[in-house]
1. Against the conditions (1) modelled with pLDDT under 95; (2) in contact with a Gly (Cβ under 7 Å, 6 or more places away or on another chain), where does R198 fall short? Just the number, please.
2. Out of R137, R160, I need the residue that is of a type outside the set (A, V, I, L, M), more than 30 Å from F412 (Cα to Cα) and in contact with an Asp or Glu (Cβ under 6 Å, 6 or more places away or on another chain). Which one?
3. What helices (runs of 4 or more DSSP H) completely inside region 383-478 contain at least 2 residues that are surrounded by fewer than 23 Cβ atoms within 10 Å (Cβ to Cβ)?
4. Between residues in region 551-565 that are touching a residue at least 60 places away in the same chain (Cβ under 8 Å) and closer than 20 Å to M541 by Cα and residues that are surrounded by 20 or more Cβ atoms within 10 Å (Cβ to Cβ) and of a type in the set (K, R), which pairs lie under 7 Å by C-beta distance while being six or more apart or on different chains?
5. Are there any helices (runs of 4 or more DSSP H) wholly within region 106-173 with 2 or more residues that are under 19 Å from Y267 (Cβ atoms) and in contact (Cβ under 8 Å) with a residue 24 or more places away in the chain, and if so which?
6. Could you list, in sequence order, the residues of region 484-500 that are of a type outside the set (G, A, S) and more than 15 Å from the chain's Cα centre (by Cα)?
7. Taking the options E314, E357, E362, E323, name whichever one is in a helix (DSSP H, G or I) and loosely packed, with under 15 Cβ neighbours inside 10 Å.
8. Restricting to region 214-239, give me the number of residues that are free of Cβ contacts under 8 Å to residues at least 12 places away in the same chain and farther than 20 Å from D147 by Cβ.
Amino acid sequence: MPQSGRPATRSQQHWRALISNRDFETPEAYGKALENLQAAEKAIAFDAEVTASSSSIEKQAAVLVRKLKAYDWEHTYGPLRDAQSGRRTEGEHFLGNVDLINQTELIKVAKRMPKGAHLHIHFNACLPARFLIQQARDIDAMYIRSDLPLTTDENWEACRISFMVMTLDEATHTKDANGVKTYVPLGDVWDENYEPNRWMSYKKFQRHFKYTDRSGHVLRNTHGAETWLEQKMIISEEEAHNVHQSSKGIWEKFNHRTQMMKGLFAYESAFRNYTRAVIKDFVKDNIQYAEIRPNFMSTNSLKTDDGEGSIGNEGIMEIIDEELRKTMDQITKKGDYFGGMKVIYCTPRSFQNRQIEVALDECIDLKKRFMDLICGFDLVGHEEMGNELRHFIPEFLNFRKKCKAQNLDIPFLFHCGETLEVGDKCDGNLFDAVLLNSKRIGHGYAIARHPLLMDIFKEKNIAIETCPISNEILGLTSTIAGHHLPILLANDVPCTINSDNATFYKSSLSHDFYQSMIGSEAMTLQGWKQLAKWSLEHSCMNPEELAAVTAQWTRKWNEFCQWIVDEYGQMFPEHEASGNRH
């Protein structure tokens, strides 16, 4: 359980007593005082309770995990980069290290770990990019366009690609502000005279695709097109971390990916198949429960596969509900377990007040229609470029009154503090989130610079949905060692681990847990356990759901610790190093 109920004065009195006399007559007396002072800090650590109550198997497993970290350091990485071999070291950029990470023993453990609840994941960016790209292969009504003709190497590299399912009439006509249609012929992206953003049949694009990459490998036809598009979807290490890159610049690159993904996601068969696959992927990654963040707005409706019809937000919720029920039934019949999934209603923070008011009203309507599925409200988008929360205070307060009058529980789960700035409008969202009684906050990166807010988060038991890999790639820290998570945990602020937009990072929730372990020497297996426990405790499950999922998670956790001992117990004889890499 969170230790936020512990009075601050108790720990202060304890350390003050320990250092009241600092005149030491012997090294032994000094050593004892140092030991006592360090023990006092450990006693108030975020994972102190779970560590103290660890079973014998948990303690053995924790020692083995520490040794596995040292083993990976010696066998997969190296203390220094070898200029000739290009060998990388642990803790460098995730995007450059991910292929090495996937070879480590620790990632095997992370994948096996029961993670509890996944509370911060954007629904259109859960699965590997190839999934939606392959779904589009046989869709006759799918069209593709580029903002540049694909006629030079530079254009192939720099172009922005987007997709859309629509009728031929929609693909060949534009409308002005008065609704007057103008005919625009289909384009050919390989023609030097191609006019940017003219639509082209995706079937034709696949048939005629040919591209020679930098290594001289030729990509052709459907397979080649899909390979190239997948590469375009994933953010590269060079894009994220080149010397000229800025936070604004990498966000622009990120937004290109979300725009590219949008059309691949926005038709019925893909959405249904994706929903089923995401739930199964949660099970595969040992996630017991999830709260997803789809985007809801009028322009985000689903198309039918022929492009003739559209499905609005209520229809989207019906699809999620249907596919969730069917897939959970399949999972149960296979003998696996998944405790359920809920939906956080999300809409862009770039909206104007009237649009937010409409969205809040729709959130209430959908909550009444899908009482057990809608679980909260959030604003999404680049925080530094969008409206601050206080811009919508009248709408939020009115929403609260409407929910109270109708006995509806729809907590705010705001993205806020996803910034390095302190004192600007973006950083100020943290204060608004407190006053608006947000149940959790997404990212909260700037909170480590606000000691008062950290105290409030502890006292009011507001959890932070941390996203280590996403924060690194989107410019908040250069490497995992600089992430804010260790600071928050050192201050006993309740946190959860999340993947945010795994599609664009070649990652999964397992990778974020991995990063949390290698990013801080203080992180232990018991630390992972506390983070998983917090994820369950701070979810939007009702008491009955929470009890059922927690019981399953507890059983799986005990099995997981036993697996570590069985799998790795013979790998490290007692006489070997205890896990100190240096």
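1. So R198 meets the others, but not (1).
2. R160
3. Hits in region 383-478: 393-405, 425-435, 451-460.
4. What qualifies is W557/K529.
5. Output list reads 129-135, 168-171.
6. Result: H484, P486, I487, L488, L489, N491, D492, V493, P494.
7. The unique qualifying residue is E314.
8. Within region 214-239, residues that are free of Cβ contacts under 8 Å to residues at least 12 places away in the same chain and farther than 20 Å from D147 by Cβ number 10.
The values are calculated or read from the model by the stated rules, or taken from the named source; none is laboratory data. Keep in mind that this is a model prediction, so the values were computed, not measured. Note: ideal-geometry Cβ built from the backbone for every residue, glycine included; neighbour counts use all protein chains shown.
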